[in-house]
Amino acid sequence: MAFDPTKQVERRRYARTSFSAELLITNPRGQPPCKGHSIDVSRAGIGFFSERFLDPGTQAQITIRTRRRGEPVTAVVPATIRWCKFDEAGAIAGAEFDDPISPSTHPELCECVDEL
């Protein structure tokens, strides 16, 4: 039976949307912080460009810096790197937040995501 991409089932619990934010990825292994830029986001995770390859399974703190109505918004979200592939300028990665972001834990970030 041939693969039919139109028959794929979306397994995500939360919709993801394009999202632009500066990122700083740190981890407890003592590696230097890594800069990045988001591609998309959902309440459960984030896709991003990274200046270097990040090992899948790595626990990280992702600092997300964006703007909402002209005002700066910064959120620090614990996450696990789920996948990463090399790119000509570094890497492209996906991280799953340890707990989905919510209005009670990250109110400003949720407002930014919900407005998209």
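The values are calculated or read from the model by the stated rules, or taken from the named source; none is laboratory data. Here the structure is a predicted model, which means the values were calculated and not measured. Reconstructed Cβ throughout: ideal geometry from the backbone, glycine too, with neighbour counts over all protein chains shown. Keep in mind that these areas ignore ligands, DNA and RNA; they rest on the heavy atoms of the full protein, side chains included. Shrake-Rupley method; radii C 1.70, N 1.55, O 1.52, S 1.80 Å.
What to note about this one:
- Identity of the residue in the stretch 22-46, aliphatic (A, V, I, L, M) and farther than 12 Å from ALA79 by Cβ, that ends up least open to solvent (accessible area, probe 1.4 Å): LEU24
- Of all residue pairs spaced 6 or more apart or on separate chains, those with beta-carbon atoms under 7 Å, a first member in the stretch 56-73 that is modelled with pLDDT under 90 and a second member that is of a type outside the set (Val, Ile, Thr) are ARG68/GLU108; ARG68/GLU111; ARG68/CYS112.
- Qualifying residue in the stretch 87-100 (condition: out of contact with any strand residue (DSSP E or B) (no Cβ under 8 Å at 6 or more places or on another chain), on the phi < 0 side of the Ramachandran plot and not charged (D, E, K, R)): yes
- Verdict on ARG82 being touching a residue at least 24 places away in the same chain (Cβ under 8 Å) and not polar (S, T, N, Q): yes
- Just one residue in the set ARG52, ARG82, ARG13 is among the basic types (Lys, Arg) and modelled with pLDDT under 85; that residue is ARG13.
- Look at the stretch 23-47: where a residue is farther than 13 Å from ALA60 by Cβ and a partner is open to solvent by 50 Å² or more (accessible area, probe 1.4 Å) and among the aromatic types (Phe, Trp, Tyr), sitting 6+ places away or on another chain with Cβ atoms under 7 Å, you get HIS37/PHE49; ILE39/PHE49; SER42/TYR14; ARG43/TYR14; ALA44/TYR14.
- Verdict on VAL73 being in contact with a Lys or Arg (Cβ under 9 Å, 6 or more places away or on another chain), assigned to a strand (DSSP E or B) and under 15 Å from VAL113 (Cα atoms): yes
- When every residue of the stretch 51-58 is checked against the conditions, at least one turns out to be within 18 Å of PRO33 (Cβ to Cβ), of a type in the set (Val, Ile, Thr) and outside any strand (DSSP E or B).
- Residue list for the stretch 47-89, restricted to those being under 20 Å from ALA15 (Cβ atoms) and either open to solvent by 80 Å² or more (accessible area, probe 1.4 Å) or of a type in the set (Ser, Thr, Tyr) (or both): THR66, ARG82, TRP83
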